[in-house]
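Engineer: My questions will all concern the structure given below.
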Amino acid sequence: MQYIGYGSLKERAAAEIRSAIVRGDLEPGTPIKDVELAERLGLSRTPVREALATLTDEGLVETKPHAYTRVTALEAEPVRDALVVVQSMHSLAIGLAVPKMTDEDIAAMRLANKAFKKALDADDAGAALAADDEFHAVAVRCCGNFAIAATIDRFTPLVRRIEHSRFSSPNARHSVTQHQQIIEACEQRDDLLAASLVDQNWSTLKEEL
């Protein structure tokens with residue numbers, strides 16, 4: 001039997017609740033009760049409470065002591081602010097990554113884009129989101145800048161719901177082409193072009209606001 005540490009339980013709870021919010025299973029304004037969530041997840045209340053604290057920090061949950069815990073409203077201003085940061089960090093990451101990329105890294109981007117297209121064709125927004133994450137993660141890993149990675153991790157949760165909305169619509173198909181253009185820029189070792197294309201790719205999410 002595999003041992004699951006306490007920290008892993010908290011992370012599992014946060015991941016499950018976060019996914020439910022992003023998918024819309026837990027809609028904006030939905031009250032959240034840690035007892036009910038703990039039962040649904042098969043966990044004790046402690047890791048669920050700490051997971052909710054994490055999601056509060058991420059801006060997906062809001063809490064008023066002795067009053068309520070609920071899913072936050074999808075408000076344009078904080079999402080737009082987070083998107084500007086995430087967009088800038090991904091553009092910076094690929095600009096730094098391109099000179100360091102190997103053929104294997106570029107192949108990983110191509111494979112992720114193939115999975116992304118397959119998910120969109122199957123109308124699977126969740127799988128498309130995961131494939132898109134992997135596509136952009138290649139550059140974040142390659143650039144080797146922990147501050148960029150940490151900043152992306154900090155603010156990406158706020159834009160997750162509009163990403164899911166985007167990947168649930170026909171408009172997302174254009175991202176497949178944009179990804180291919182980014183791959184070609186990486187193959188040409190054109191860091192400035194790659195950074196510009198990534199910036200344009202993330203900019204399309206503004207249409208969801």
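Engineer: Using a basic spin-label model with each label point 7 Å from the Cα along Cα→Cβ, how many nm lie between ALA150 and VAL85?
Structural biologist: 1.3
Engineer: What FRET efficiency comes out for the pair ALA73/ASP199, r = Cβ-Cβ distance, R0 = 25 Å, nearest 0.05?
Structural biologist: E between ALA73 and ASP199, to the nearest 0.05, is 0.35.
Engineer: Please list 3J(HN,Hα) in residue order for segment 53-62, calculated via the Karplus relation 6.51 cos²θ - 1.76 cosθ + 1.60 where θ = phi - 60°; whole Hz, with x for glycine and proline.
Structural biologist: 5, 4, 5, 5, 4, 7, x, 9, 10, 10
Engineer: In a shell of Cβ-Cβ distance under 13 Å around ALA14, excluding ALA14 itself, what net charge do Lys and Arg (+1) and Asp and Glu (-1) give?
Structural biologist: Combined, the nearby Lys, Arg, Asp and Glu give -2.
Engineer: Using the beta-carbon distance between LYS33 and ASP190 and R0 = 35 Å, what value does 1/(1 + (r/R0)^6) give for FRET efficiency, to the nearest 0.05?
Structural biologist: For R0 = 35 Å, the calculated efficiency reads 0.10.
Engineer: Using Cβ counts within 10 Å as a stand-in for footprinting exposure, how do HIS174, HIS66, HIS179 rank, fewest first?
Structural biologist: Listing HIS174, HIS66, HIS179 from fewest to most nearby Cβ atoms yields HIS66, HIS174, HIS179.
Engineer: Something else now. For segment 1-155, what's the relative contact order in percent, using C-alpha pairs closer than 8 Å and at least 6 residues apart?
Structural biologist: 22
All of the numbers you see were taken from the coordinates with simple rules; none came from a lab. Predicted, not measured: the structure shown is a model, and the values here were computed from it. Cβ: placed from backbone, ideal geometry, glycine included. Neighbour counts: every protein chain shown.
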